[in-house]
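What follows draws every value from the coordinates through simple rules; no lab data is involved. These numbers were taken from a predicted model, which means no experiment stands behind them. All Cβ positions, glycine included, derive from the backbone under ideal geometry; neighbour counts span all protein chains shown.
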Amino acid sequence: MKLSKSDITKHNDSLYKNHKKKYDFLKSEIENLDEITSQIAAYNVAVPSWALGAGGTRFGRFGFGGEPSNLFEKLSDIGIIHALTKSAGAISLHIPWDIPDNPQKIREHAEQLGIVFDAMNSNTFQDQKNQKYSYKYGSLCHVDKNVRHQAVQHNKEVIDHGIALGSKSLTVWLADGSNFPGQINFRRALNNTLESLQEIYDYLPDDWKMFIEYKPYEPNFYSMVIQDWGTSHFLANKLGKKAFTLVDLGHHLPNTNIEQIVATLMMDGMLGGFHFNDSKYGDDDLTVGAIKPYQLFLIFNELVYGMQNNPANNPVPAWMIDASHNVKDPLEDIIQSINAIETAYAKALLVDQKALQEAQMRNDVVQCQNILQSAFNTDVQPILAQARLSNNASINPIAAFRDFDIRKNLIDERGLETTATGL
């Protein structure tokens, strides 16, 4: 299924009058509203190839029907989301879940949809069919050099696939760790990981980046080799200028001050990637902004400040949604996540940074809070709608998705029994 520009324009016609009234009112209140709207209109976030189907837990998985059964169909689904939002113009592939059989054909299909290939993701946390050595006791950290070599070779193959598709970065997340005290030697495991990453890093093209992800627990629960941002930062510094830390919102212990981590990494020019999701208890991978929208706003406040004050030349992070859609329609969930991300971004752009700094220098704690919460409490949905309208996208993407019966059309095309590869 493919949405036409005329379909979206016609749908917008019925919503435009009410939208214009709201936007004009906001414009009378906010002096630089058009500038903020332009920044939102330019924002894009990558959709991972594994997120287009139903997610699941260790207890079960419930499909939705019409799920994409191959990479070509996954791109088509992202094309639908991008047509509705004009903010999903990138895909992040996971290998070997989504190995392109014909890279040139896949690349041409993506170009027709206005989609580029973002970071490639390797997988050494699962044993694949016909794999010679198991990752049961680790991959890049393993005591057996044959296992480490196999994991390194896999990452090199992922880079090769990325080169063929026009990607420029590799994300490495490791499940390596231990479940019991004494199971591994911490220093040996970290050193083996560093040596393995160095070999992968040396294989990267000169214009590529490596993003090193971290996680404090799961699937191992006593220790993870790359358990926090400091370890990721340590490894990236050891590797070289093409290596950066990647922050996943779910990969922190409860109540961690993620915005402070963001500020610290940007201060050193080391924030390379960002995975958006939300959580109540752990790495729940829920819809972005569903649980802690104020935290997301505070994180974006640090991101905005970091991008505006950037002596360390921190690159624009590689943005990606990393969520598992267990009970929602995956496409609707992604649209909701995009809206939540851009909501937090727009509100952060509303923060009067000059007034905030002045209040901070006076130690005026009350005024600091007032400045932040004034921006957070502003309804920015008219800004997002105007940004989409300026890009010929939908004023209300969820309403359009439902009014166009997109899920029904996908079921009619693909059937009820299709299953997407991935989580």
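Rounded to a whole number of µm²/s, how large is the Stokes-Einstein D of region 97-170 at 4 °C and 1.567 mPa s, given Rh as the Kirkwood radius over C-alpha pairs? Roughly 95 µm²/s, to the nearest whole number.
About its Cα centre, the dipole of the chain is roughly 220 debye, where the only charges are +1 on Lys and Arg Cβ and -1 on Asp and Glu Cβ.
The amide H of ASN220, built 1.01 Å from its N in the peptide plane, has no neighbour under 5 Å, considering only residues 5 or more places off or on other chains.
Entry note: region 87-245 has Rg to Rh equal to 0.99, where both radii use alpha-carbon atoms and Rh is the Kirkwood radius. When each of HIS252, HIS109 is scored by the number of other beta-carbon atoms lying within 10 Å, the sequence from fewest to most is HIS109, HIS252. Projecting the Cα atoms of THR171, LEU190, LEU204 onto the dipole axis of region 161-212, where Lys and Arg carry +1 and Asp and Glu carry -1 at the beta carbon, places LEU190 farthest toward the positive end.
Roughly what % of Cα-Cα distances in region 198-313 sit above 25 Å, to the whole percent?
Details: 1626 of 6670 pairs.
Percent of Cα pairs beyond 25 Å in region 198-313: 24.
Annotation note: GluC sites (Glu not before Pro) in region 56-115 located in DSSP loop regions with a Cβ neighbour count of at most 16 within 10 Å are absent.
Identify the trypsin sites (Lys or Arg not before Pro) of region 85-131 meeting these criteria: DSSP loop state and at most 11 other C-beta atoms within 10 Å of the C-beta. Could the numbers behind the result be given before it?
Numbers: sites: LYS86, LYS105, ARG107, LYS129; in loops: LYS86, LYS129.
Sites meeting the loop and neighbour criteria: LYS129.
Which log10 I(q)/I(0) values does the chain give at q = 0.06, 0.11 Å⁻¹ under the Debye formula, counting every alpha carbon as one identical point scatterer? Ignoring solvent entirely, the Cα scatterers give -0.25, -0.86. Along its three principal directions, the equivalent ellipsoid of region 306-400 from the Cα gyration tensor extends over semi-axes of 30, 17, 14 Å, largest first. Computed as a quarter of the hull surface, the mean projected area of the alpha carbon convex hull for region 45-169 stands at 8.8 nm². The phi-based Karplus calculation (6.51 cos²θ - 1.76 cosθ + 1.60; θ = phi - 60°) puts the 3J(HN,Hα) values of region 180-188 at 9, x, x, 4, 10, 8, 4, 5, 5 Hz, whole numbers, x for Gly and Pro. In sequence order, region 98-110 has phi-based couplings of 9, 6, x, 5, 10, x, 5, 5, 5, 5, 5, 4, 5 Hz under the Karplus curve 6.51 cos²θ - 1.76 cosθ + 1.60, θ = phi - 60°, and Gly or Pro positions carry x. Projecting label points 7 angstrom from Cα along Cα→Cβ for PHE72 and GLN183 puts them 4.3 nm apart.
Identify the trypsin sites (Lys or Arg not before Pro) of region 355-423 meeting these criteria: DSSP loop state and at most 11 other C-beta atoms within 10 Å of the C-beta. Let's see the in-between values first.
Details: sites: ARG362, ARG388, ARG402, ARG407, LYS408, ARG414; in loops: ARG362.
Taking region 355-423 and a limit of 11 other Cβ atoms within 10 Å, the loop trypsin sites (Lys or Arg not before Pro) found are ARG362.
Overall shape of region 258-340 was characterised from the C-alpha gyration tensor. The equivalent ellipsoid obtained from it has semi-axes of 26, 12, 11 Å, in decreasing order. So for the chain, taking the charge dipole from beta-carbon charges (+1 Lys/Arg, -1 Asp/Glu), which of ASN155, GLN131, GLY65 sits furthest toward the positive end? Positive-end residue among those listed: GLN131. Eigenvalues of the alpha-carbon gyration tensor of region 19-108, scaled by 5 and square-rooted, set the equivalent ellipsoid semi-axes at 35, 18, 11 angstrom, largest first.
Amide hydrogen proximity for LYS209: with H placed 1.01 Å from N in the peptide plane, the residues at 5 or more positions away or on another chain lying under 5 Å are SER169, LEU170.
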